[in-house]
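Visitor: The structure that follows is given in the form of structure tokens.
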Amino acid sequence: MAALRAPLPQLLLLVVAALLAAAPVRRAAGASEFDVRRHLSTVTRYDVARGSNSVNSMPSVPDGCRVIHLNLVARHGTRAPTKKRIKELDRLSIRLEALINEAKQCLKSDSLKKVPSWIKGWESRWKGRTKGGELTSEGEEELYNLATRVKERFQDLFDDEYHPDVYSIRATQVSRASASAVAFGLGLLSGKGKLGPGNNRAFSVLSESRASDICLRFFDSCETYKAYRKRKEPDVEKQKEPILDHVTAALVDRYHLNFTTQDVSSLWFLCKQEASLLNITNQACGLFNEAEVYFLEWTDDLEGFVLKGYGESINYRMGLPLLKDVVQSMEEAIIAKEENRPDGTYEKARLRFAHAETVVPFSCLLGLFLEGSDFEKIQREEALDLPPMPPQGRNWKGSVVAPFAGNNMLVLYQCPGKTSDGSTSEGQSNYFIQVLHNELPVSMPGCGNKDFCPFEEFKEKIVKPHLKHDYDMICKIKPPVAREEPATFSSKVSGFFTGLFSQKGYRVASAENVKTEL
């Protein structure tokens, strides 16, 4: 497995130097004005992420090629805070009140002058709620609108009558994922039925049990990954400490409140929730300057890289069942085309709705968002460096890799074959894969940095290296081998008579059998 290189001494020095300088990160010439909503890592709204996506569009699909199959792997849309996070915000409200009271008792009468007015008496928007994590109305719109764009972009693919075996829609059993699948299905099939004024129609959403869903929730069943994550999380927190320490010191000096690093961590979380869910950027987000936001965003991206992405090969290799499922569906579509099966008799799209923990490993299996020669390194299972810190640019950004409703689409094209003289051959077909990330073509390092890759080359250079691994081999923790104790005389005698009676047709009742019968 690839190990992560983390030069902590250099990291500490860089953080200290950068934050003590207290200078805003320089913006490239011509860049748009700073918008905190673009720097919320994986809490970024999909429309904001698409607006700031820097992936360059590649050349258009060659003439004569037509889409024959689509694989979609999407994250659920914007969701409310989870129950655990709601409790954290409730604790933050109590903590802010205590800080204000402490400041009031300070001998300096101007202690409260620098405190933003919103902090005084602040209460969480989610106070008193006992449940959370559900898909919001904004999240529903993200998936509904995504579906309408997909339908319009691939009109020929979605012109068949709906059948669950032709357009397969799958989701995890978590409500926000299945609700996202429903919102997408409504957009995809709007006007194709007879239900209600929108002429909707019913459709099927398939889900596996959480305990056995190794295609979309492989992280739930992978014991090796869970052990790695439990072991690595404290290290990640230590790597984030220098930035949180310096931001905390800056806020204490700026607002004359005795913030702790936990306070700052909770305030950053509140900023992300307010900016993403409520479009409020002048309260919690207003506490931080531009440079601090860049560094706090980096800590979130670092955590995603180490615990979900390229930080360790177990993070993405456990997604092998999903990659196999994608390739198998495309191979079946190619067979259907080669056999000239009529439309409506084979699957045209496989549409999946899951989580960031699904989309991120899948992106890594495809080799997306790597720096320079990193693709060759992961093929050799060598160590990768951490994402570069601000003000350096980086490919690995949670707001791009897996925002709310973030997605990868693998589009399978059938293209006319070429004869030796370069002319088009009617009797031959070539098949190509185009990868769209958040609806934009994205290059694949494993395919010569092309986004339009021959299917066989895709299988050989991107998929095949992963196939030397097996999900069970990767994910099952082998129990320690127990030493066999020498058999006692009494156990040998018992075994002899047990075998003797069995041969004569008698039923020997074990202790377990007796217990069951009782």
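The values are calculated or read from the model by the stated rules, or taken from the named source; none is laboratory data. What you are looking at is a predicted structure, and each value in this text was computed from that prediction instead of being measured. Don't worry about glycine lacking a Cβ; one is built from the backbone with ideal geometry, like all the others, and counts go over all protein chains shown. Calculation scope for accessible area: heavy atoms of the full protein, side chains included, ligands and nucleic acids excluded. Shrake-Rupley method; radii C 1.70, N 1.55, O 1.52, S 1.80 Å.
Visitor: For the stretch 236-259, how many residues meet the condition of being within 13 Å of LEU307 (Cβ to Cβ) and touching a residue at least 12 places away in the same chain (Cβ under 8 Å)?
Guide: The qualifying residues number 3.
Visitor: I would also like to ask the following. If you check ALA211 against the conditions, is it open to solvent by 10 Å² or more (accessible area, probe 1.4 Å) and at pLDDT below 95?
Guide: On the way: open to solvent by 10 Å² or more (accessible area, probe 1.4 Å): yes; at pLDDT below 95: yes.
Yes; evaluated as a whole, the condition is true for this residue.
Visitor: Could we say that ASN315 is within 25 Å of the chain's Cα centre (by Cα) and surrounded by fewer than 17 Cβ atoms within 10 Å (Cβ to Cβ) here? Don't jump to the end; show me each part of the working.
Guide: Numbers: within 25 Å of the chain's Cα centre (by Cα): yes; surrounded by fewer than 17 Cβ atoms within 10 Å (Cβ to Cβ): no.
Taking the combined requirement at face value, the residue does not satisfy it.
Visitor: So, one more: How do the pairs read when you match residues in the stretch 96-107 that are within 14 Å of GLY121 (Cα to Cα) and aromatic (Phe, Trp, Tyr) with residues anywhere that are open to solvent by 10 Å² or more (accessible area, probe 1.4 Å) and in a loop (DSSP other than H, G, I, E, B), using Cβ under 9 Å and keeping only pairs 6 or more apart or on different chains?
Guide: Close Cβ pairs satisfying both conditions: none exist.
Visitor: Taking TRP122 as the residue in question, decide whether it is modelled with pLDDT of 95 or more, open to solvent by 10 Å² or more (accessible area, probe 1.4 Å) and assigned to a loop (DSSP other than H, G, I, E, B). Reasoning before the result, please.
Guide: Details: modelled with pLDDT of 95 or more: yes; open to solvent by 10 Å² or more (accessible area, probe 1.4 Å): yes; assigned to a loop (DSSP other than H, G, I, E, B): yes.
When the stated conditions are applied, TRP122 passes them.
Visitor: Could you count how many residues in the stretch 288-302 are of a type outside the set (Phe, Trp, Tyr) and outside any helix (DSSP H, G or I)? Give the derivation first.
Guide: The first filter runs over the stretch 288-302 and keeps only residues of a type outside the set (Phe, Trp, Tyr), leaving 289-293, 296-297, 299-302.
After this cut, where a residue has to be outside any helix (DSSP H, G or I) as well, the list is 289.
Within the stretch 288-302, residues that are of a type outside the set (Phe, Trp, Tyr) and outside any helix (DSSP H, G or I) number 1.
For (1) in contact with a helix residue (DSSP H, G or I) (Cβ under 9 Å, 6 or more places away or on another chain); (2) polar (S, T, N, Q); (3) over 15 Å from ASP301 (Cα atoms), each residue gets a yes or a no:
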position	(1), (2), (3)
ASP325	no, no, yes
ASP343	no, no, yes
ARG350	yes, no, yes
SER399	yes, yes, no
PRO403	yes, no, no
CYS415	no, no, yes
ASN430	yes, yes, yes
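Visitor: If I ask for residues that are in a helix (DSSP H, G or I) and within 13 Å of the chain's Cα centre (by Cα), which ones from the stretch 327-380 would you list? Walk me through it before giving the result.
Guide: Here is the first cut: in the stretch 327-380, the ones in a helix (DSSP H, G or I) are 327-338, 356-365, 374-379.
Passing the criteria: ALA356, GLU357, THR358, VAL359, VAL360, PRO361, PHE362, SER363, CYS364, LEU365.
Visitor: Assess whether LYS324 counts as being of a type in the set (Lys, Arg), within 23 Å of ASP451 (Cβ to Cβ), assigned to a helix (DSSP H, G or I) and modelled with pLDDT under 95. Steps first, please.
Guide: On the way: of a type in the set (Lys, Arg): yes; within 23 Å of ASP451 (Cβ to Cβ): yes; assigned to a helix (DSSP H, G or I): yes; modelled with pLDDT under 95: no.
When the stated conditions are applied, LYS324 does not pass them.
Visitor: So, one more: If I filter the stretch 248-266 for residues that are of a type in the set (Lys, Arg) and in contact with a helix residue (DSSP H, G or I) (Cβ under 6 Å, 6 or more places away or on another chain), do I get at least one hit? Show your work before the answer.
Guide: Quick first cut of the stretch 248-266, residues of a type in the set (Lys, Arg) only: 254.
Retained after the next criterion (residues that are in contact with a helix residue (DSSP H, G or I) (Cβ under 6 Å, 6 or more places away or on another chain)): none.
No, there is no match, as no residue in the stretch 248-266 is of a type in the set (Lys, Arg) and in contact with a helix residue (DSSP H, G or I) (Cβ under 6 Å, 6 or more places away or on another chain).
Visitor: Tell me the residue from PHE369, PHE362, PHE375, PHE353 that is touching a Pro at 6+ places or on another chain (Cβ under 7 Å) and among the aromatic types (Phe, Trp, Tyr), please. Step through it out loud before you land on a result.
Guide: On the way: PHE369 fails: touching a Pro at 6+ places or on another chain (Cβ under 7 Å); PHE362 fails: touching a Pro at 6+ places or on another chain (Cβ under 7 Å); PHE353 fails: touching a Pro at 6+ places or on another chain (Cβ under 7 Å).
None of the other options fit; the residue is PHE375.
Visitor: Would you mind telling me which numbered condition in (1) part of a loop (DSSP other than H, G, I, E, B); (2) buried (at least 17 other Cβ atoms within 10 Å of the Cβ); (3) modelled with pLDDT of 90 or more ASP63 fails?
Guide: (2)
Visitor: Which of the residues that make up the stretch 161-189 are in a loop (DSSP other than H, G, I, E, B) and surrounded by 14 or more Cβ atoms within 10 Å (Cβ to Cβ)?
Guide: Correct list: TYR162, HIS163, VAL166, THR172, GLN173, VAL174.
Visitor: Suppose we filter GLU338, GLU303 for residues that are surrounded by 17 or more Cβ atoms within 10 Å (Cβ to Cβ), of a type in the set (D, E, K, R) and touching a residue at least 12 places away in the same chain (Cβ under 8 Å); which single one remains? Let's see the steps before the verdict.
Guide: Working: GLU338 fails: surrounded by 17 or more Cβ atoms within 10 Å (Cβ to Cβ).
One residue alone meets the criteria, GLU303.
Visitor: Where residues in the stretch 96-110 are modelled with pLDDT under 90 and among the small types (Gly, Ala, Ser), which of them is most open to solvent (accessible area, probe 1.4 Å)?
Guide: SER109
Visitor: In the stretch 344-368, what count of residues is obtained for those that are open to solvent by 10 Å² or more (accessible area, probe 1.4 Å) and among the small types (Gly, Ala, Ser)?
Guide: 1
Visitor: Can you spot a residue in the stretch 183-191 that is in contact with a helix residue (DSSP H, G or I) (Cβ under 8 Å, 6 or more places away or on another chain), among the small types (Gly, Ala, Ser) and under 22 Å from SER329 (Cα atoms)? Explain how you work it out, then say what you get.
Guide: If we filter the stretch 183-191 for residues that are in contact with a helix residue (DSSP H, G or I) (Cβ under 8 Å, 6 or more places away or on another chain), which is where we start, we get 183-188, 190.
Next cut, among the small types (Gly, Ala, Ser) only: 183, 185, 187, 190.
Remaining after also requiring under 22 Å from SER329 (Cα atoms): 185.
Within the stretch 183-191, one or more residues are in contact with a helix residue (DSSP H, G or I) (Cβ under 8 Å, 6 or more places away or on another chain), among the small types (Gly, Ala, Ser) and under 22 Å from SER329 (Cα atoms).
Visitor: Hey, another quick one. Here are the criteria: (1) modelled with pLDDT of 95 or more; (2) crowded, with 17+ Cβ neighbours inside 10 Å; (3) not in a helix (DSSP H, G or I). Tell me which single one TYR144 does not satisfy.
Guide: (3)
Visitor: So which of GLU292, GLU371, GLU381 ends up being touching a residue at least 12 places away in the same chain (Cβ under 8 Å), surrounded by fewer than 15 Cβ atoms within 10 Å (Cβ to Cβ) and either more than 24 Å from SER168 (Cα to Cα) or in contact with a strand residue (DSSP E or B) (Cβ under 6 Å, 6 or more places away or on another chain) (or both)?
Guide: Numbers: GLU292 fails: surrounded by fewer than 15 Cβ atoms within 10 Å (Cβ to Cβ); GLU371 fails: surrounded by fewer than 15 Cβ atoms within 10 Å (Cβ to Cβ).
Exactly one of GLU292, GLU371, GLU381 is touching a residue at least 12 places away in the same chain (Cβ under 8 Å), surrounded by fewer than 15 Cβ atoms within 10 Å (Cβ to Cβ) and either more than 24 Å from SER168 (Cα to Cα) or in contact with a strand residue (DSSP E or B) (Cβ under 6 Å, 6 or more places away or on another chain) (or both), namely GLU381.
Visitor: Could I ask something else about it? Would you mind telling me which numbered condition in (1) closer than 30 Å to LYS226 by Cα; (2) open to solvent by 50 Å² or more (accessible area, probe 1.4 Å); (3) touching a residue at least 60 places away in the same chain (Cβ under 8 Å); (4) not in a helix (DSSP H, G or I) ASN395 fails?
Guide: Here ASN395 meets the rest and fails (3).
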